[in-house]
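Notes follow the structure.
The values are calculated or read from the model by the stated rules, or taken from the named source; none is laboratory data. Computed from a prediction, not measured in an experiment: that's the story for all the values here. Here Cβ is always computed from backbone atoms with ideal geometry, including for glycine, and neighbour counts include all displayed protein chains.
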Amino acid sequence: MESSVGTVHLDEIGQIALTVDNQETAKTFYRDVLGMKFLFDAGVMTFFQCGTIRLLIGTSEHPTVTSGTILYFRVPDIQAAHAALKEKAVHFEQEPHLVARMKSHDLWLATLKDPAGNTLALMSEVSRNHEEEKSV
């Protein structure tokens, strides 16, 4: 039986997140020692640009978690990717949701676990111009 939902190919990492115990120490290390291009701070998160991949370092919401990694896979349509993976019985920790409104786009995320318990995320940067074109 053929699926009514499209196939998903997660082949582009858009962002990697590292959990750190001290954000300021980590920020200084990545910016001043490793020479990474600092982008911006957002609360307990600091962002750097590494080629085509964004690096996020931040502290955990859970005091006992001081390290960890999340891979964010860039997808063009987060709703379609989410539906296709749910059809394959993937359990999502967080359904697709709007995370941030940027100047030119909205950032949407959805998180899931792999069989070993590693956190993965789908990310989609939805252009506002594209939305405006649809409503015209």
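Annotation: PHE47 fulfils all but one of (1) buried (at least 16 other Cβ atoms within 10 Å of the Cβ); (2) not in a strand (DSSP E or B); the unmet one is (2). Looking at ILE57, is it under 17 Å from THR19 (Cβ atoms) and either surrounded by fewer than 10 Cβ atoms within 10 Å (Cβ to Cβ) or out of contact with any Phe, Trp or Tyr (no Cβ under 7 Å at 6 or more places or on another chain) (or both)? Considered against the rule, which asks whether it is under 17 Å from THR19 (Cβ atoms) and either surrounded by fewer than 10 Cβ atoms within 10 Å (Cβ to Cβ) or out of contact with any Phe, Trp or Tyr (no Cβ under 7 Å at 6 or more places or on another chain) (or both), ILE57 comes out as no. Pairs linking a residue in the range 15-32 that is farther than 18 Å from THR64 by Cβ to a residue that is surrounded by 15 or more Cβ atoms within 10 Å (Cβ to Cβ) and among the basic types (Lys, Arg), with Cβ atoms under 9 Å and 6 or more positions apart or on different chains, are GLN15/ARG54; GLN15/ARG74; ILE16/ARG54. Residue-level check: of (1) part of a strand (DSSP E or B); (2) at positive phi, ALA89 misses just (1). Here PRO63 passes the criteria (1) modelled with pLDDT under 90; (2) assigned to a strand (DSSP E or B) except the one numbered (2).
Within the range 69-95, the set of residues being within 21 Å of LEU18 (Cα to Cα), in contact (Cβ under 8 Å) with a residue 24 or more places away in the chain and of a type outside the set (S, T, N, Q) comprises ILE70, LEU71, TYR72, PHE73, ARG74, VAL75, GLU93.
Regarding the range 27-45, can at least one residue be identified that is under 30 Å from THR7 (Cβ atoms) and in contact with a Gly (Cβ under 8 Å, 6 or more places away or on another chain)? Within the range 27-45, none of the residues are under 30 Å from THR7 (Cβ atoms) and in contact with a Gly (Cβ under 8 Å, 6 or more places away or on another chain). Screening ASP41, ASP106, ASP21 for residues that are in a loop (DSSP other than H, G, I, E, B) and either in contact with a helix residue (DSSP H, G or I) (Cβ under 7 Å, 6 or more places away or on another chain) or not hydrophobic (A, V, I, L, M, F, W, C) (or both) leaves exactly one candidate, ASP21. Within the range 79-92, one or more residues are loosely packed, with under 11 Cβ neighbours inside 10 Å and touching a Leu at 6+ places or on another chain (Cβ under 7 Å). Of all residues in the range 66-86, those satisfying the criterion of being hydrophobic (A, V, I, L, M, F, W, C) and in a strand (DSSP E or B) are ILE70, LEU71, PHE73. Evaluate the range 103-126: report whether one residue or more is modelled with pLDDT of 90 or more, under 30 Å from ASP21 (Cα atoms) and among the basic types (Lys, Arg). Scanning the range 103-126, I find no residue that is modelled with pLDDT of 90 or more, under 30 Å from ASP21 (Cα atoms) and among the basic types (Lys, Arg), so the answer is no. What's the total number of residues in the range 1-18 that are surrounded by 12 or more Cβ atoms within 10 Å (Cβ to Cβ) and either assigned to a loop (DSSP other than H, G, I, E, B) or at pLDDT below 90 (or both)? Matching residues across the range 1-18 total 5.
One line per residue, one yes/no per condition, for (1) within 11 Å of the chain's Cα centre (by Cα); (2) of a type in the set (Phe, Trp, Tyr); (3) within 18 Å of GLY14 (Cβ to Cβ):
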position: LEU39; (1), (2), (3): no, no, yes
position: CYS50; (1), (2), (3): no, no, yes
position: ARG54; (1), (2), (3): yes, no, yes
position: GLY58; (1), (2), (3): no, no, yes
position: HIS62; (1), (2), (3): no, no, no
position: VAL90; (1), (2), (3): no, no, no
position: VAL99; (1), (2), (3): yes, no, yes
position: TRP108; (1), (2), (3): yes, yes, yes
position: ALA116; (1), (2), (3): no, no, no
